[in-house]
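Note sheet for the following structure.
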Amino acid sequence: MGAQTHHGEIEGYTYAYQPTRDPAPRLALLLLHGTGGNEWDLIPMGEELVAGAPLVSPRGRVNENGMARFFRRFGEGKFDEADIDTRVEELSRFVAVARERHGLAHIPMVAVGYSNGANMAAAMMLMRPGLMQGAILFRATMPYAPREFPTTTDGGPVLVASGRVDAYAPPERVQELVDTLGDQGRPVEYEITGPTHGLTSRDMELALRWLNRHFGGTRPSM
Ligand code: MLT
């Protein structure tokens with residue numbers, strides 16, 4: 001982990017920030033951890049995905065029996081959609097302030113989420129289509145019941161990487177997410193990258209290749 005990683009708070013979110021080592025960074029990453037994780041979890045993944053990129057990594061504000069999450073749920077797979085809407089607004093404000101504070105307002109920012117963090121990133125892409133310039137969703141499911149989502153002409157691309165058998169992300173719900181993101185007018189790539197909810201080396205390979213194709217200047221494709 002980078003020696004200069006900062007720790008701070010914005011809009012009630014505790015977050016880790018790792019500044020760029022690149023004088024002209026092409027891309028910043030917003031890292032969103034899974035249930036029970038924290039702001040440090042995905043920093044190594046961010047470093048591997050885009051060497052030297054600025055990394056912004058908040059800790060989810062919802063406390064579920066001591067585990068941090070990005071939105072409330074009533075039970076497994078039963079999401080509190082009113083709370084998701086509130087958290088989308090809250091996290092959008094966090095992103096705007098963090099970008100200003102760290103001089104990242106004028107470079108593209110891609111969300112990278114795992115599990116609950118991927119569901120949060122999916123909700124942000126669906127409800128605030130222009131906020132992030134792209135998203136990598138590891139083991140996400142459709143966070144909402146059907147509703148009208150805003151369309152976009154400049155919406156960033158999304159990569160969805162799923163498990164073949166994943167109790168947290170059943171295939172038909174993942175397909176619904178992929179279709180809905182596509183219906184918004186954005187390029188969506190979808191691949192089954194592992195047997196279950198855990199990440200595999202294929203997830204990283206795919207994400208590196210996808211980043212290279214859409215944002216260039218990252219590591220060579222594999
Ligand atoms: C969620 O609640 O967001 C998903 O079920 C994944 C998880 O358990 O974090």
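Which whole-Hz ³J(HN,Hα) couplings does segment 151-166 yield from phi under the Karplus relation 6.51 cos²θ - 1.76 cosθ + 1.60, θ = phi - 60°, glycine and proline marked x?
After applying 6.51 cos²θ - 1.76 cosθ + 1.60, I find 8, 8, 9, 10, x, x, x, 10, 10, 10, 10, 10, x, 5, 10, 9 Hz.
Given +1 on the Cβ of Lys and Arg, -1 on the Cβ of Asp and Glu, and no further charges, what dipole in debye does segment 72-135 carry about its Cα centre, rounded to the nearest 20?
On the way: 8 positive and 8 negative charges, 38 e Å.
The dipole of segment 72-135 has a size of about 180 debye.
Based on a Kirkwood Rh over C-alpha pairs, give the Stokes-Einstein translational diffusion coefficient of segment 149-222 at 25 °C and viscosity 0.890 mPa s in µm²/s.
Values: Rh = 13.3 Å.
Using the Kirkwood radius from Cα pairs, D works out to 185 µm²/s.
If R₀ is 22 angstrom, what is the calculated FRET efficiency for the pair residue 26 and residue 92, using the beta carbon separation as r and rounding to 0.05?
0.45
Calculate for the chain the 222 nm mean residue ellipticity that helices alone would give, adding -39,500 (n - 2.57) per DSSP H run of length 4 or more and normalising by residue count, nearest 500 deg cm²/dmol.
-10000 deg cm²/dmol
What list of ³J(HN,Hα) values in whole Hz, one per residue of segment 66-79 in order, does the Karplus curve 6.51 cos²θ - 1.76 cosθ + 1.60 (θ = phi - 60°) give from phi, with Gly and Pro shown as x?
x, 9, 6, 9, 8, 7, 6, 9, 8, x, 4, x, 10, 8
For the pair residue 213 and residue 67, how long in nm is the line joining their label points, each one 7 Å along Cα→Cβ?
For residue 213 paired with residue 67, the spin-label model returns 3.3 nm.
Taking the mean number of other Cβ atoms within 10 Å as a proxy for protection, how do you rank 113-126, 155-168 from highest to lowest?
Ranked from most to least packed, the peptides come out as 113-126, 155-168.
Counting only residues 5 or more places away or on other chains, whose amide H sits under 5 Å from the amide H of residue 31 once H atoms are built in the peptide plane?
Distant-sequence amide H within range of residue 31: 56, 57, 112.
Is the shape of segment 106-155 rounded, prolate or oblate, going by the alpha carbon gyration tensor and its root eigenvalues a ≥ b ≥ c, with a/c under 1.5 for rounded and a/b larger than b/c for prolate?
The shape class here is oblate.
Expressed as a whole percent, how much of the Cα-Cα distance distribution for segment 32-155 exceeds 19 Å?
Of all Cα-Cα pairs in segment 32-155, 45 percent lie more than 19 Å apart.
Which whole DSSP H helices in the chain pass both tests: a Cα extent of 30 Å or more along the axis and a mean Kyte-Doolittle value no lower than 1.0?
none
Can you pull the one-decimal nm distance between simple spin-label points at residue 83 and residue 154, each 7 Å off the Cα toward Cβ?
3.4
Along the Cα-to-C-beta direction of residue 101, a point sits 7 Å from the Cα; which residues of segment 21-47 have their amide N less than 19 Å from that point?
21, 28-33, 38-43
Would you please calculate the Kirkwood hydrodynamic radius of the chain over all C-alpha pairs and express it in Å, rounded to one decimal?
17.1 Å is the Kirkwood radius here.
To the nearest 20 debye, what charge dipole does the chain have about its Cα centre, counting +1 at the Cβ of each Lys and Arg and -1 at the Cβ of each Asp and Glu? Kindly include the intermediate steps, with their values, before the conclusion.
Values: 22 positive and 27 negative charges, 76 e Å.
The calculation lands at about 360 debye.
Can you give me the long-range amide H partners of residue 192? Hydrogens built in the peptide plane at 1.01 Å from N, cutoff under 5 Å, separation of 5 or more residues or another chain.
162
Throughout, read-outs are computed from the coordinates displayed, never taken from laboratory work. None of these values were measured; they are calculated from a predicted model. We place every Cβ from the backbone using ideal geometry, glycine too, and count neighbours over all the protein chains shown.
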